[in-house]
1. Return the residues of region 98-121 that are open to solvent by less than 20 Å² (accessible area, probe 1.4 Å) and assigned to a loop (DSSP other than H, G, I, E, B); say none if nothing qualifies.
2. Which pairs turn up if I take residues in region 95-108 that are over 22 Å from ASP85 (Cα atoms) and free of Cβ contacts under 8 Å to residues at least 60 places away in the same chain and look for partners that are in a loop (DSSP other than H, G, I, E, B) and open to solvent by 10 Å² or more (accessible area, probe 1.4 Å) with beta carbon separation below 9 Å, at least 6 apart in sequence or on another chain?
3. ASN65 fails exactly one of the following numbered conditions: (1) surrounded by 14 or more Cβ atoms within 10 Å (Cβ to Cβ); (2) more than 22 Å from the chain's Cα centre (by Cα). What is the number of that condition?
4. Of the residues that make up region 68-75, is at least one closer than 17 Å to ILE8 by Cα and exposed (fewer than 15 other Cβ atoms within 10 Å of the Cβ)?
5. Of the conditions (1) outside any helix (DSSP H, G or I); (2) over 18 Å from THR137 (Cβ atoms); (3) open to solvent by less than 20 Å² (accessible area, probe 1.4 Å), VAL27 fails just one. Which one is it?
6. Looking at GLU199, is it surrounded by fewer than 18 Cβ atoms within 10 Å (Cβ to Cβ), at pLDDT 95 or above and touching a helix residue (DSSP H, G or I) at 6+ places or on another chain (Cβ under 9 Å)?
7. Which ones in region 1-15 are at pLDDT below 90 and open to solvent by 50 Å² or more (accessible area, probe 1.4 Å)?
8. Residue check: is VAL134 under 20 Å from GLU95 (Cα atoms), in contact (Cβ under 8 Å) with a residue 24 or more places away in the chain and crowded, with 17+ Cβ neighbours inside 10 Å?
Amino acid sequence: MEHKEYVIAGRNAVIEALRAKKSIDKVFVLDGCQDGPIRTIIRETKKTDAILKFVDKERLNQLTNENHQGVVAMVAAYQYAKMEDLFDLAEKKGESPFFFLLDGIEDPHNLGAIIRTANLAGAHGVIIPKNRAVGLTPAVAKTSAGAIHYTPVVKVTNLARTMEELKEKGMWFACADMDGDMMYDQNLTGSIGLVIGNEGTGVSRLVKKHCDFTVSIPMKGDIDSLNASVAAGVLAFEVVRQRMKK
């Protein structure tokens, strides 16, 4: 279900959006404001996966030209999926699950491009973290070139814990890392999660610890790294190549 609005301003509007269970990424509240409606918004926000931020009036004014009454919510441009949706899609296609797990992708164009790549490579979904990462913004939806309508995106609170739960379902994880083993030498078939890290710092230490192995892309140029979405694409189609050979 696509959402037309992205910013919701005003106390009643935000309360209704929260209670209607819209896919809200962030709620910004005027710091120091503690009246009844604001306390309700804080309480309702904590029941969701949305990030709650306390900011000054200037920040709220930057987010919207509307009368915000001390609160602004940022709504996802598209509805998030549930984890079972990814497994259901794999089962429907009669394939082993193939997911992308993105550890802190902050550029909306990178996320949109990765969702597009995931769709074209036949992946069954994309998993993103709640914190320190871009959500499903309009720019992400646009860059995905329509793929967001077909490739489910799940937002989770803790990526490492999610990986532990997925391992119990038989999945294993390949971490993209330029110090890893050559991708051609790794077995990338079966139920696999491809872990792609932040544009600048790569995969975090904790998430890397939960990966089964690291995998690298052979590079011959004068610089030492690829854009995150390009790296995701190269590795994804090595997964495709190996699956087609089976």
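The values are calculated or read from the model by the stated rules, or taken from the named source; none is laboratory data. Just so it is clear, the structure is predicted and the values come from calculations on it, not from any experiment. Ideal geometry is used to build each Cβ from the backbone, glycine not excepted, and the neighbour counts take in all protein chains shown. Surface accessibility is based on the protein's heavy atoms, side chains included, excluding ligands, DNA and RNA. Shrake-Rupley method; radii C 1.70, N 1.55, O 1.52, S 1.80 Å.
1. As a first pass, look at region 98-121 and keep what is open to solvent by less than 20 Å² (accessible area, probe 1.4 Å): 98-102, 104-105, 110-112, 114-115, 118, 121.
Scanning region 98-121 gives GLY104, ILE105, ALA121.
2. The qualifying pairs are PRO108/VAL134; PRO108/GLY135; PRO108/THR137.
3. (1)
4. Looking only at region 68-75, we keep the residues that are closer than 17 Å to ILE8 by Cα, and these are 68-75.
Checking which are exposed (fewer than 15 other Cβ atoms within 10 Å of the Cβ) leaves us with none.
No, there is no match, as no residue in region 68-75 is closer than 17 Å to ILE8 by Cα and exposed (fewer than 15 other Cβ atoms within 10 Å of the Cβ).
5. (2)
6. On the way: surrounded by fewer than 18 Cβ atoms within 10 Å (Cβ to Cβ): yes; at pLDDT 95 or above: no; touching a helix residue (DSSP H, G or I) at 6+ places or on another chain (Cβ under 9 Å): yes.
No, not satisfied.
7. MET1, GLU2, LYS4, GLU5, TYR6
8. Numbers: under 20 Å from GLU95 (Cα atoms): no; in contact (Cβ under 8 Å) with a residue 24 or more places away in the chain: yes; crowded, with 17+ Cβ neighbours inside 10 Å: yes.
Here the answer is no, as VAL134 does not meet what is asked.
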